[in-house]
Amino acid sequence: MRYAILAEIYRKLDATQKRLEMIDILIELFDKTELENIRIVIYLTSGKIGADFEDLDIGIAEKMVIKAIAKAVGKSEEIVTALFAKKGDLGEVVEAFKAKSTQQGLEAFLTDGKTAAEESLTVREVWETLNKIANLEGKGSAAKKINTLVGLYAKATPLEAKYITRTVLSQLRLGVRDLTIIEALARKYCTEKDARKVIEHAYNVTSDIGFVGEILARKGLEAVRQIKIQVGRPIRMMAAQRLPSTEEILEKLGGKCALEFKYDGERVQAHKNGDKITLFSRNLNDISTMYPDVRDALKASITASKAIVEGEIVAWDPQAERLRPFQILMSRKRKYDISEMKEKIPVKVFLFDLLFVDGDNYLLKAYPQRRTKLEEIIKEEEIITLASQEIVTNASEFEAFFETAIESGCEGVMAKDIRETAIYQAGNRGFLWIKHKFDYSSAFADSYDFVVVGGFYGKGRRKGMLGTLLMAAYNPEKEIFETVCKLGSGFSDEDLAKITKELMALRTPEKPKEVASKLEADVWFYPTKVFEIRGADLSTSPVHTCALNEIKEDMGIAIRFPRFIRFREDKKPEFATTTKEIIDAYKEQRLLKKEKKN
Ligand code: ATP
């Protein structure tokens with residue numbers, strides 16, 4: 001399959017904002033793709049070269065791409081940089097240069113006796129070359145990466161060069177998310193009514209839509225139904241809903257639930273396969289090398305030979321025998337000096353779930369069964385313990401446990417459904433887990449995780465830096481980000497300098513199509529960074545697009561007086577607070593205000 005076909009599809013995807021059109025274009029793409037290339041095509045179209053958890057970072061920075069373009073088109077780096085400053089997108093820069101030089105170049109190689117078709121790039125060749133670039137490491141690897149990219153540019157048409165550039169910079173940004181791919185796969189390959197659900201389930205269990213897509217295309221839906229949990233492949237994680245009052249939580253959970261400490265650290269999904277332990281983060285990245293202490297401890301502590309368990313890694317103060325806050329744990333996360341940091345910041349792991357053990361899938365078993373089995377296969381020791389848990393049946397028991405959790409240094413509690421239907425909802429945020437945090441006593445003083453989509457330049461002391469950020473909630477039904485507030489306080493000048501530097505690398509020349517905004521920002525960012533913020537309350541707003549028309553015509557919902565709390569490096573934009581959560585919080589607040597009046 002020629003890469004030109006893929007580039008043409010990308011051009012079409014780039015030109016549309018409509019999800020249904022995107023699905024049609026993806027179906028057209030699958031029509032044109034041979035079976036052996038389905039997997040690669042899915043990865044590439046998602047802007048990646050493999051599944052998320054494979055940790056395949058192409059590792060090319062803008063500066064290196066500028067060097068490669070300069071070399072490939074025979075211009076100086078200054079000239080390339082100048083055009084980049086004008087266009088704001090290196091993909092367009094290389095496209096423009098190539099368009100000018102192609103005629104000449106093509107003539108040169110036709111006289112070599114080869115036809116253009118013989119020389120043109122295939123999808124597999126591009127994918128293999130990008131993998132090669134990703135795997136180059138060590139001394140001299142930067143120069144080798146650049147030269148390999150120059151080699152690709154030499155064979156690429158202008159359009160191909162544009163999309164190769166965006167792919168290597170992780171800026172493909174076609175707006176094609178996994179759910180859109182799932183929908184297109186279901187329509188292309190299946191007639192069964194439950195196809196979408198089956199594909200989604202397989203995706204939740206494998207976290208690899210390329211793998212599921214290939215099985216579907218080659219063997220059909222029945223084979224996808226048979227896809228099993230594999231130790232070493234992360235399962236997409238279950239998430240919690242929120243409710244403001246203990247009474248509502250108890251009622252929702254049938255009057256009785258398991259309450260657990262809500263530890264404030266990093267979620268971990270640990271896979272044990274014999275002697276090998278692999279740790280996955282909430283974002284499904286492999287974080288095994290960052291926590292050698294956790295790996296060693298789990299190896300000894302899990303008595304089964306194969307298992308998948310989940311828990312929270314928390315920083316621990318051994319002198320005071322106390323939990324330490326999330327920020328301390330994050331300061332331990334780095335690629336170097338791991339053994340030094342391991343001594344400086346010891347951790348504990350509090351296990352709270354079991355998904356698989358020795359060949360048995362536990363996802364569809366009720367929570368009490370999962371917990372009992374977890375207790376059975378875990379030998380508690382210094383680092384590894386089970387999450388504190390109590391079964392409660394009324395508000396006063398609930399509140400007493402909640403207080404103990406807060407006193408112990410936790411954020412609050414997790415209330416868990418313990419009925420027969422309380423399965424592990426992989427990849428879903430449902431009411432089987434309900435979180436209740438300290439600040440929930442006032443529903444609207446709650447914190448939210450929003451995505452930065454735009455910025456406004458600062459004035460005075462903040463001149464040259466971003467002064468205010470445009471924040472958005474995620475709408476998973478439409479797969480877009482909807483603005484909800486302008487954030488300008490809560491960060492120090494140092495925070496702001498750091499934010500400016502990091503965000504500027506994500507800027508896009510125009511508003512990304514996944515962003516719905518009525519405001520015109522000074523700079524736009526591709527939705528990537530998640531920040532936790534806290535607001536005073538929620539109000540309807542004519543300028544924000546979150547929940548537009550849901551409460552009032554032409555009005556959205558906004559957070560008033562938002563303050564920055566912390567960076568959420570552990571969260572992908574798709575895990576940000578959703579529009580629906582904002583609507584629920586708004587309604588809740590309205591009810592509370594009414595109650596107060598009465
Ligand atoms: P938050 O921002 O409130 O921490 P989140 O969006 O990161 O939440 P949620 O699913 O909403 O994720 O909240 C659940 C998170 O709480 C889990 O991802 C996990 O990291 C953490 N957690 C701590 N203790 C527990 C527990 N006992 N059971 C389940 N999750 C727990």
Taking the stretch 290-348 and keeping residues closer than 22 Å to PHE261 by Cα and in a helix (DSSP H, G or I) leaves VAL294, ALA297, LEU298, SER301, PHE326, GLN327, ILE328, LEU329, MET330
The one condition THR404 fails out of (1) surrounded by 14 or more Cβ atoms within 10 Å (Cβ to Cβ); (2) away from the ligand (no atom under 16 Å from the Cβ) is (2)
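Each row is one residue, and each column tells you yes or no for (1) within 16 Å of the ligand (Cβ to nearest atom); (2) over 28 Å from the mean Cα position of the chain (by Cα); (3) closer than 21 Å to ASN283 by Cβ.
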| position | (1), (2), (3) |
| --- | --- |
| HIS544 | no, no, no |
| LEU548 | no, no, no |
| ILE551 | no, yes, no |
| MET555 | no, yes, no |
| ARG566 | yes, no, yes |
| LYS571 | yes, no, yes |
| ALA576 | yes, no, yes |
| GLN589 | no, yes, no |
If we ask which residues in the stretch 373-397 are over 17 Å from TRP316 (Cα atoms) and surrounded by fewer than 21 Cβ atoms within 10 Å (Cβ to Cβ), their number turns out to be 13
ask   = Does GLN241 satisfy the condition of being open to solvent by 10 Å² or more (accessible area, probe 1.4 Å) and in a strand (DSSP E or B)?
value = yes
Taking the criterion of being surrounded by fewer than 16 Cβ atoms within 10 Å (Cβ to Cβ) and over 26 Å from GLU21 (Cα atoms), would at least one residue in the stretch 523-534 satisfy it?
no
The lone condition ARG236 fails out of (1) part of a strand (DSSP E or B); (2) at pLDDT 95 or above; (3) within 16 Å of the ligand (Cβ to nearest atom); (4) touching a Gly at 6+ places or on another chain (Cβ under 7 Å) is (1)
When (1) in a loop (DSSP other than H, G, I, E, B); (2) at pLDDT 95 or above; (3) touching a Lys or Arg at 6+ places or on another chain (Cβ under 7 Å) are applied to LEU363, the one that fails is (3)
For the stretch 572-579, indicate whether the set of residues that are farther than 12 Å from PHE450 by Cα and either free of Cβ contacts under 8 Å to residues at least 60 places away in the same chain or open to solvent by 40 Å² or more (accessible area, probe 1.4 Å) (or both) is non-empty.
-> no
**Prompt:** Would you call ARG371 touching a Leu at 6+ places or on another chain (Cβ under 8 Å) and within 16 Å of the ligand (Cβ to nearest atom)?
**Reply:** yes
The residue from LYS71, LYS86, LYS12, LYS75 that alone is open to solvent by 40 Å² or more (accessible area, probe 1.4 Å), in a loop (DSSP other than H, G, I, E, B) and either out of contact with any strand residue (DSSP E or B) (no Cβ under 6 Å at 6 or more places or on another chain) or not acidic (Asp, Glu) (or both) is LYS75
Checked pairs for the stretch 245-264, first in contact (Cβ under 8 Å) with a residue 12 or more places away in the chain and assigned by TED's automatic domain parsing to the domain that holds GLU390, second near the ligand (Cβ under 9 Å from one of its atoms) and part of a helix (DSSP H, G or I), C-beta under 9 Å and 6 or more apart or across chains, list as ASP264/PHE326
message = Being open to solvent by less than 60 Å² (accessible area, probe 1.4 Å) and assigned to a strand (DSSP E or B) is the requirement here; does THR500 meet it?
response = no
Residue pairs qualifying under the 7 Å Cβ cut-off, at least six apart or on distinct chains, with the first in the stretch 116-145 being surrounded by 15 or more Cβ atoms within 10 Å (Cβ to Cβ) and the second being modelled with pLDDT of 95 or more and of a type in the set (Asp, Glu), are LEU121/GLU160
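Going through ILE209, ILE215 one at a time, which residue ends up being within 22 Å of ASP52 (Cα to Cα), surrounded by 14 or more Cβ atoms within 10 Å (Cβ to Cβ) and without any contact (Cβ under 8 Å) to a residue 24 or more places away in the chain?
Just one listed residue meets the conditions, ILE215.
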Of the residues in the stretch 161-194, those that are at negative phi and in contact with a Phe, Trp or Tyr (Cβ under 8 Å, 6 or more places away or on another chain) come to ALA161, TYR163, ILE164, GLN171, LEU172, LEU174, ASP178, ILE182, ALA184, LEU185, LYS188, TYR189
Within the stretch 244-281, of all residues that are within 12 Å of the ligand (Cβ to nearest atom) and not in a strand (DSSP E or B), the one most open to solvent (accessible area, probe 1.4 Å) is ASP264
Selection from the stretch 374-390 of residues within 14 Å of the ligand (Cβ to nearest atom), outside any helix (DSSP H, G or I) and aliphatic (A, V, I, L, M) yields LEU386, ALA387
Taking the stretch 300-346 and the residues there that are under 25 Å from LEU374 (Cα atoms) and open to solvent by 80 Å² or more (accessible area, probe 1.4 Å), the one that is modelled with the lowest pLDDT would be GLU321
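The values are calculated or read from the model by the stated rules, or taken from the named source; none is laboratory data. The shown structure was predicted, so the numbers you read here are calculated from the model rather than taken from an experiment. Quick reminder, even Gly has a Cβ in these numbers, built from the backbone with ideal geometry, and neighbours come from all protein chains shown. In case anyone asks, the SASA skips ligands and DNA or RNA and just uses the protein heavy atoms, side chains included. Shrake-Rupley method; radii C 1.70, N 1.55, O 1.52, S 1.80 Å.
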